[in-house]
Structures are given as structure tokens and as C-alpha cells.
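Enquirer: Take this structure, written in C-alpha cells, and hold onto it; I'll ask about it next.
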Amino acid sequence: MTWQDVIKTENNNSGFLTFKEGDNKVRIVSEPEPRMQHWLGKRPIPCVGKCKLCADNLKVRTSHMFHVIDRETGEFKIMGTGVTVANAMRELKESDDYSFDSIPDYDITIKRTGLGLDTEYTVLAARNNSELTEEEKTKVADLKPMKDIIKSLNEADLERAEKEPPIDRSQVATDMNESGFETDSESADNVPF
């Protein structure tokens with residue numbers, strides 16, 4: 001499957017990690033890349049910083065995108081996280097017991113509990129470091145750079161937004177609390193690690 005195939009199947013999360021209820025064990029194999037978006041209703045609009053929507057005081061949601069190995073399936077996937085998981089990863093990086101340079105050399109378990117606005121995430125590091133297999137190392141070397149993936153996602157979001165009817169901007173929340181997103185001020189300059 002190519003990246004373009006993933007974009008074309010909008011209702012298919014193939015290629016993306018979806019956090020299920022309970023434990024989600026992954027191996028992070030790339031550094032984080034920020035993806036900034038404004039949300040007009042349920043429509044994501046890419047933000048490159050200081051855009052027209054920023055000037056209109058529409059809040060920006062920054063997610064952090066990673067290549068990961070889903071340890072349940074063994075598949076390489078794209079994981080997007082919000083500030084809760086990203087900050088927990090930063091804490092691991094800065095800790096005495098679990099510190100790492102750019103990519104952890106151990107698996108991570110992300111536990112999801114709750115639903116909707118009551119969803120909580122907990123991040124746990126594996127007790128032992130583990131080497132990637134030779135096959136995994138080969139696949140990591142062949143991964144498309146996350147910056148290129150984010151660019152493709154942003155282009156697809158813009159193309160989709162151009163095809164949809166305009167949104168009544170008076171009905172769009174300008175505060176993250178109103179739209180249900182976390183309100184911590186994250187920016188592209190504040191990548192967690």
C-alpha cells in the first residue's frame with residue numbers, strides 16, 4: 001500500500017494507530033514532528049503559523065506525529081498524539097532511568113481509559129531495552145520522512161476542505177475548551193523531545 005492509497009481511503013484508518021481501550025504497546029522508530037491544525041467544525045485546516053485563521057484568533061491544535069511499530073500486529077503505523085502523551089514522553093526522555101537521545105530503545109505502552117472528553121492516557125516504558133530486529137531496522141530505513149507525510153496529509157485536508165460547503169464561522173469555537181481539545185499552549189517550537 002502506498003501513502004496515496006491511505007489518503008484516498010478517508011474512512012479507513014489503515015496505516016494509522018488508533019488507541020484502543022486498555023494497553024497499546026508500540027515501539028517509536030522516529031523523532032516527533034509537529035502537525036498544527038485549526039478546526040472548523042469537524043474540518044481540519046492545516047496551519048503553518050501566523051495564517052489567516054491565526055489572525056482571526058482561531059486556536060491551533062498541535063499534535064506530534066511518529067512512526068511506530070504496533071507490537072500487537074507487528075505493523076508499521078503512524079501515531080499522532082496530543083499534549084498528554086507527548087509530555088509523558090518528554091518526562092521519560094528527561095528521567096534518570098528512561099532517558100534517551102532522540103528515539104527510545106525500548107517499547108512504550110500507552111494505556112487509554114474512558115471515552116470522548118473523559119478519555120485519559122497513561123504512558124509506561126518497558127523495563128528493559130530491546131534491539132530492533134534486522135527486518136525492523138530495514139523497514140525503518142525505508143520509511144518516508146514524517147515531514148513528507150504531514151505535507152501529504154495537509155494537502156489532502158486542504159483539498160477536502162475546498163470541496164465541502166463553507167462553514168458558518170460564527171458557529172466555530174475560538175477557544176479549545178469549547179471544541180473539546182486540550183488547552184495547553186503547544187507550538188511547533190515546543191516539540192516535546
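Enquirer: Quick one: grab the alpha carbon gyration tensor of the stretch 46-104, order the square roots of its eigenvalues as a ≥ b ≥ c, and give me rounded if a/c is under 1.5, else prolate or oblate depending on whether a/b is larger than b/c.
Expert: Taking the square roots of the gyration eigenvalues as a ≥ b ≥ c, the stretch 46-104 is oblate.
Enquirer: A further question follows. Based on the mean of other Cβ atoms within 10 Å per residue, sort peptides 142-148, 55-61, 25-31 so the most packed one is first.
Expert: So the order, starting with the most tightly packed, is 25-31, 55-61, 142-148.
Enquirer: Rounded to the nearest 20 Debye, what is the dipole magnitude of the stretch 16-190 about its Cα centre when Lys and Arg each give +1 and Asp and Glu each give -1 at the C-beta?
Expert: It works out to roughly 540 debye.
Enquirer: How many nm is it between the label spots at E120 and D105, if each spot is 7 Å from the Cα in line with the beta carbon?
Expert: 3.4
Enquirer: Still on this model: Please list, ordered by chain and number, the residues whose modelled amide H lies under 5 Å from the amide H of E75; skip anything fewer than 5 residues away on the same chain.
Expert: Result for E75 returns D70.
Enquirer: With the cut-off at 19 Å, report for the stretch 18-118 the share of all Cα pairs above it, as a whole percent.
Expert: 51
Enquirer: On a C-alpha basis, how far is the centre of the stretch 123-155 from the centre of the stretch 41-115 in Å? Whole number, if you could?
Expert: 13
Enquirer: May I pose another question? Report the calculated FRET efficiency for L132 and D97 (r = Cβ-Cβ distance, R0 = 22 Å), to the nearest 0.05.
Expert: 0.55
No lab work stands behind these numbers, since they all come straight from the coordinates. Note that the structure is a prediction, hence the values are computed from the model and not measured. As a convention, Cβ positions derive from the backbone with ideal geometry for all residues, glycine included, and neighbour counts pool all protein chains shown.
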